[in-house]
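Notes for the one structure printed next.
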Amino acid sequence: MVNYMLMIAAELENLTDLQPQGGCDDPNFTYYFKLKCGNCGEVTQKETCVSLNETVPSAKGKSDVHLAQKCKFCSREGTVTMITGRGSPLTQDHAEAGKHAPLMLFDFRGFEPVDFVFGSGWKAESIRGTKFHDIDLSGGEFAEYDEKGECPVMISNLRATFNVAK
């Protein structure tokens, strides 16, 4: 059993608190990433998706997991379980310091995560208090104008990494 923390970073212009629409433990937010088999090293061709509101029984039947999947190359089964309560939004302070923020903790068994893909369903708040909802980051950036705060807002240079968590 290895736990991986998904860490995100970005350049935030006049924005703070970048996170999934319903917060870091949003049950409806979908995470997309590729999986690398811990047995043979094969990487999935397409992204796999997991969300907190979807669970399946594990093959051993002892508990529910958020994903149970077999490697297409060697047929070894692996699971992914999401662990809530450990994530926090990406703030302006993180962005200015070039630091990553922890988003979600995953328990991977039989797989390793690779290549997180940013998609839709994000929110952020301007430094002047305007809330932006349903932000789509699938294009790699977001740019708008904060009418109330009278300033441009932007999210760019998105980065994500999975760090082994203790």
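The values are calculated or read from the model by the stated rules, or taken from the named source; none is laboratory data. All values reported here derive from a predicted model rather than from experimental measurement. Ideal geometry is used to build each Cβ from the backbone, glycine not excepted, and the neighbour counts take in all protein chains shown. Accessible surface areas use protein heavy atoms only, side chains included; no ligands, DNA or RNA. Shrake-Rupley method; radii C 1.70, N 1.55, O 1.52, S 1.80 Å.
I'm trying to understand the selection: among the residues of segment 39-71, which are in contact with a strand residue (DSSP E or B) (Cβ under 6 Å, 6 or more places away or on another chain), assigned to a loop (DSSP other than H, G, I, E, B) and over 21 Å from SER138 (Cβ atoms)? Residues satisfying the conditions are THR55, SER58, ALA59, HIS66, CYS71. Among residues belonging to segment 72-98 that are of a type in the set (A, V, I, L, M, F, W, C) and in a helix (DSSP H, G or I), point out the one that is least open to solvent (accessible area, probe 1.4 Å). Ranking the candidates gives ALA95 first. Beta carbons closer than 6 Å, at least 6 apart along the sequence or on distinct chains, pair a first residue in segment 23-36 that is farther than 16 Å from LEU105 by Cβ with a second that is aliphatic (A, V, I, L, M) for TYR32/VAL117; LYS34/VAL43; LYS34/VAL114; LYS36/VAL43; LYS36/VAL114. Scanning segment 12-45 for residues that are within 14 Å of PHE118 (Cα to Cα) and of a type outside the set (A, V, I, L, M, F, W, C), we see that the one that is most open to solvent (accessible area, probe 1.4 Å) is TYR32.
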